[in-house]
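Please read the structure below before turning to the comments.
The values are calculated or read from the model by the stated rules, or taken from the named source; none is laboratory data. All values reported here derive from a predicted model rather than from experimental measurement. All Cβ positions, glycine included, derive from the backbone under ideal geometry; neighbour counts span all protein chains shown. Protein only, heavy atoms only, side chains kept; ligands, DNA and RNA dropped before computing areas. Shrake-Rupley method; radii C 1.70, N 1.55, O 1.52, S 1.80 Å.
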Amino acid sequence: MSKKYILVVNRKGGTGKTVVSKALVNKLKNDKQKVVLLESEEEIGRVLHTQPDYAVYDVPTENDYTLLISEPMFQTIVVPVTFNKFSLAIMTKFITEVKAVKETNSKWNKEIIIALTQTNDTSYTSAMLEKIMEMADNLNAHVIDLSIKIDEDENKKIQPAEIEQFILSRISQEKSQELAKVLELVN
């Protein structure tokens, strides 16, 4: 089996990019796969010298990923999305970039997965979800719901240093099928 490279991108902070990256890594490890999490372009070189089955690249928010989305090694692009006007602007820019890459490379054919990381529980989030689904359709992308609901009592009990681990634990328990679907699309 050749290595599978998964690119996780979003130029806006707070979308759940790192949590989604780590959730994918944890799911792969639980499935007994050799996997490496990359957090900078410099780390990509080390993958060439190791033998993981998968490499998940959590692209730093401030990085311009235009060249990375055209890079042949990345066959899957995951875009974590929250429901707000900034996410819509970022998604619009992402779609524009993908279309520009497709126009210059007719062989460009990657799986694009939009990972919803915020629960859809208000009329506002429903309207945002509708717009995101429309964008996903224009992009021929898959939409996977990786959001988890955290109630007020839970939120009050969680210490700031424990939030990421708490969310990762909940995602692995409650969204195992959705994570499996993402990995099915990768393969």
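Remarks
- Number of the condition not met by PHE94 [criteria: (1) farther than 27 Å from SER169 by Cβ; (2) of a type in the set (Phe, Trp, Tyr); (3) not in a helix (DSSP H, G or I)]: (3)
- Comparison of ILE144, ILE158 shows that the only residue that is more than 26 Å from PHE94 (Cα to Cα), surrounded by 11 or more Cβ atoms within 10 Å (Cβ to Cβ) and hydrophobic (A, V, I, L, M, F, W, C) is ILE158.
- Cβ-Cβ under 6 Å pairs, at least 6 apart or on other chains, region 59-81 side without any contact (Cβ under 8 Å) to a residue 12 or more places away in the chain and of a type in the set (Val, Ile, Thr), far side open to solvent by 10 Å² or more (accessible area, probe 1.4 Å) and part of a strand (DSSP E or B): none
- Checked against (1) over 16 Å from the mean Cα position of the chain (by Cα); (2) open to solvent by 30 Å² or more (accessible area, probe 1.4 Å); (3) touching a residue at least 40 places away in the same chain (Cβ under 8 Å), ILE90 meets all criteria but (1).
- Condition check for GLU97: farther than 23 Å from LEU179 by Cβ and loosely packed, with under 12 Cβ neighbours inside 10 Å: no
- Residue in region 16-25 that is among the charged types (D, E, K, R), outside any helix (DSSP H, G or I) and either closer than 29 Å to MET133 by Cα or open to solvent by 10 Å² or more (accessible area, probe 1.4 Å) (or both) present: no
- Here VAL78, VAL35 are screened, and the one residue that is over 29 Å from THR122 (Cβ atoms), touching a helix residue (DSSP H, G or I) at 6+ places or on another chain (Cβ under 9 Å), open to solvent by less than 60 Å² (accessible area, probe 1.4 Å) and not small (Gly, Ala, Ser) is VAL35.
- Check on ILE113, under 28 Å from GLU164 (Cβ atoms) and assigned to a strand (DSSP E or B): yes
- Scanning region 148-187 for residues that are outside any helix (DSSP H, G or I), under 25 Å from ASP31 (Cβ atoms) and in contact with a helix residue (DSSP H, G or I) (Cβ under 6 Å, 6 or more places away or on another chain) returns a single hit, ILE148.
- Among the conditions (1) closer than 18 Å to ILE171 by Cβ; (2) without any contact (Cβ under 8 Å) to a residue 60 or more places away in the chain; (3) within 13 Å of the chain's Cα centre (by Cα), the only one that THR119 does not satisfy is (3).
- Scanning region 131-168 for residues being among the β-branched types (Val, Ile, Thr) and either more than 20 Å from SER21 (Cα to Cα) or free of Cβ contacts under 8 Å to residues at least 24 places away in the same chain (or both) gives a total of 4.
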